[in-house]
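Student: Please see the structure below; I have some questions.
The values are calculated or read from the model by the stated rules, or taken from the named source; none is laboratory data. None of these values were measured; they are calculated from a predicted model. FYI the Cβ positions are ideal-geometry reconstructions off the backbone, even for glycines, and counts take in every protein chain you see. These area figures cover heavy atoms from the full protein model, side chains too; ligands, DNA and RNA do not enter into them. Shrake-Rupley method; radii C 1.70, N 1.55, O 1.52, S 1.80 Å.
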Amino acid sequence: MYIQRDHLVTLLNALYDSGVSSIPVKHPCDDIGELLRIELEAAGQATVRFTKGAVTYRDARETIELEYGPRAYNDLPDANSYVRAFVGSGLVSPENADAIAEFVQQHGYPDLEAGHDPVMIGLDTNLMGFRLTEALDIDPVSGSRDGANRRPTMGYALSKGVKKELDWYYNHYDTADLTAAFGEEFTRLQNQPAGSNREGFLGLYEFRRLASRRRTDLVPGEDGDVEKGDAAIIQAYREYDQGNRKRVLLFSNDYAFIDNAQDVGLRAQHVTFPVDLPRKTTVPWRGVTTLLYILAVQFGVLQLPKLTLYGVWENKSGKHWQDEALFVDNRSPVVGEALERAVSIVERFENV
């Protein structure tokens, strides 16, 4: 069955109602094994224990390269991407969370009635796909209001140059190396995005989701520029920032990008990801479902008790990507029936 990202809480409910409150999340390959363990609590909270920190995961991934070669190794997300999944889902804060909050406090929360310019968010390619602005609570729709009832930002200013960097494709045309390394589940990745390209798809469809919002501007500049890459993106943002009443707050994980943006007068803030993960954290169930979605796409396949989640599978289409859907292989008839019933009820309710 298929399940959308927004409906993944029903999956946790189905497991919890069947008596499974401790949920190990595993990669099918024993050399990678358990990534984390989710302890569900009745009050809608969950304790997440990070079985594999970034350093331990990196070492396990290097073992895969030695044993199975570069194709299997490259299909696994690197340690930095692994950490970004936990930050993007709100389970772990950026290393410089205080500096980011200070930056937004200084430049955000415009008082439009007093004549302040609207504040828009700009994201570099390396941050697209993780909904980091929601995790940081600065999203124009969901961001918390201040004492004067003002949102931190008004909308997004998305660079077409960033979209161009996300438009690249590399698919698996032979999964024999993956199945030998990881198991038979990976035969289903035939003709699907490989390795880091799956993270690229997260970014591409996140760009499209944000671009469809009413309060999103598209910043031109990807075609016909003498300068390419970051320089062209920054120049386009500079022209946008100076050409209307809207001010841009730029975010990137690239220090050079931030320095170059600041050099031309843009408000830009680096997002620093932690080197490793804490031992555990406590979050709402919704944060857990966000993490499951990101990890399922990054790794391709995740095993949970009674269920196997596929982030990609042989017939995954653009519509599935747009709907942020996962494929669920129900290994337990009891849990499978409960999950299908719950998803059906939610979908009918949404269509009313």
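Student: Would you mind putting 284-295, 320-331 in packing order, based on average other-beta-carbon counts within 10 Å, highest first?
Tutor: 284-295, 320-331
Student: Further, regarding this structure: Calculate what fraction, in whole %, of the accessible area of the chain sits on carbon and sulfur atoms when a 1.4 Å probe is rolled over the protein chains.
Tutor: It is 46 percent, rounded to a whole number.
Student: Next question. Taking amide H positions as placed in the peptide plane 1.01 Å from N, state which residues far from Thr272 in sequence (5 or more) or on other chains have amide H under 5 Å from it.
Tutor: Sorted by chain and number, the residues that satisfy this are Glu95, Asn96.
Student: I'd like the accessible area for Lys160: 1.4 Å probe, protein heavy atoms, all chains in place, Å² to the nearest 10.
Tutor: 80
Student: Taking the full set of protein chains and a 1.4 angstrom probe, give the accessible area of Glu165 in square angstrom, rounded to the nearest 10.
Tutor: Taking all protein chains as shown, Glu165 has close to 70 Å².
Student: While we're here: Given the convex hull of the Cα atoms of the stretch 205-352, what is a quarter of its surface area in nm²?
Tutor: Across all orientations, the stretch 205-352 yields a mean hull projection of 13.8 nm².
Student: Report the extension gain between Arg37 and Arg214 in nm, rounded to one decimal, defined as 0.36 nm multiplied by the number of residues separating them, less their alpha carbon distance.
Tutor: Once the chain is fully extended between Arg37 and Arg214, it gains 59.9 nm.
Student: Please list Ile345, Ile38 from largest to smallest accessible area, probe radius 1.4 Å, with all protein chains kept in place.
Tutor: Result, largest first: Ile345, Ile38.
Student: If His107, His116, His270 are ordered by their accessible area, calculated over protein heavy atoms with a 1.4 Å probe, which sequence runs from highest to lowest?
Tutor: Ranked list, largest accessible area first: His116, His107, His270.
Student: Please list, by residue number, everything in the stretch 71-113 whose backbone N is under 14 Å from a paramagnetic label point 7 Å out along Cα→Cβ of Arg58.
Tutor: Taking a point 7 Å out along Cα→Cβ of Arg58, the residues of the stretch 71-113 whose backbone N falls under 14 Å are 78-84.
Student: Sort 45-57, 192-204, 82-94 by the packing proxy (mean of other Cβ within 10 Å over each peptide's residues), most packed first.
Tutor: Taking the mean over residues of other Cβ atoms within 10 Å, the ranking is 82-94, 192-204, 45-57.
Student: Please report the equivalent ellipsoid semi-axes of the chain, computed as sqrt(5 x eigenvalue) of the Cα gyration tensor, largest first, in whole Å.
Tutor: For the chain, the semi-axes come out at 35, 24, 19 Å.
Student: Sticking with this one: Taking the radius of gyration and the Kirkwood hydrodynamic radius from Cα positions alone, what is the Rg/Rh ratio for the stretch 266-351, to two decimal places?
Tutor: Rg/Rh for the stretch 266-351 comes to 1.06.
Student: I need the shape label for the stretch 1-143. Rule: rounded when a/c is under 1.5, else prolate if a/b > b/c, else oblate, with a, b, c from the alpha carbon gyration tensor.
Tutor: oblate
Student: Now for a different question. Angle between the Cα long axis of helix 230-243 and the longest principal axis of the chain, 0 to 90 degrees, nearest 10?
Tutor: 50
Student: What's the angle, to the nearest 10 degrees (0 to 90), between helix 196-211's Cα axis and the longest principal axis of the chain?
Tutor: Helix 196-211 sits at roughly 50 degrees to that axis.
Student: Under a plain spin-label model, where a point goes 7 Å from the Cα along Cα-to-Cβ, how far apart in nm are Gln45 and Asp174?
Tutor: 5.3
Student: Right, next: Does the stretch 310-352 come out rounded, prolate or oblate, given a ≥ b ≥ c as the square roots of the eigenvalues of its C-alpha gyration tensor, rounded meaning a/c under 1.5 and, failing that, prolate meaning a/b above b/c?
Tutor: Oblate.
Student: Now, a different point. In units of 2.2 N^0.38 Å, what is the alpha-carbon radius of gyration of the stretch 81-177?
Tutor: 1.35
Student: Could you give P(r) for the stretch 81-137, binned at 10 Å from zero, as whole percent values over all Cα-Cα pairs?
Tutor: 21, 47, 25, 7, 1
Student: Let me ask something additional. Report, ordered by chain and residue number, the lysines lying within cross-link reach of Lys319, taken as a straight Cα distance under 30 Å and ignoring same-chain residues fewer than 8 apart.
Tutor: The reachable lysines, counting only those whose Cα sits under 30 Å from Lys319, are Lys26, Lys160, Lys163, Lys164, Lys306.
Student: Report the calculated FRET efficiency for Gln105 and Tyr255 (r = Cβ-Cβ distance, R0 = 22 Å), to the nearest 0.05.
Tutor: 0.50
Student: Per residue, how many Å² of accessible area does the chain show with a 1.4 Å probe?
Tutor: 45
Student: Now for a different question. If R₀ is 22 angstrom, what is the calculated FRET efficiency for the pair Glu65 and Val275, using the beta carbon separation as r and rounding to 0.05?
Tutor: Rounded to the nearest 0.05, the efficiency is 0.55.
Student: Moving to a separate point now. Multiply the residue gap between Asn244 and Arg348 by 0.36 nm, knock off their C-alpha separation, and tell me the result in nm, one decimal place.
Tutor: Difference between extended and current length: 33.1 nm.
Student: Here is a follow-up. So, R0 is 41 Å and r is the distance between the beta-carbons of Asp6 and Asp263; what FRET efficiency does that work out to, to 0.05?
Tutor: Once rounded, the FRET efficiency stands at 0.50.
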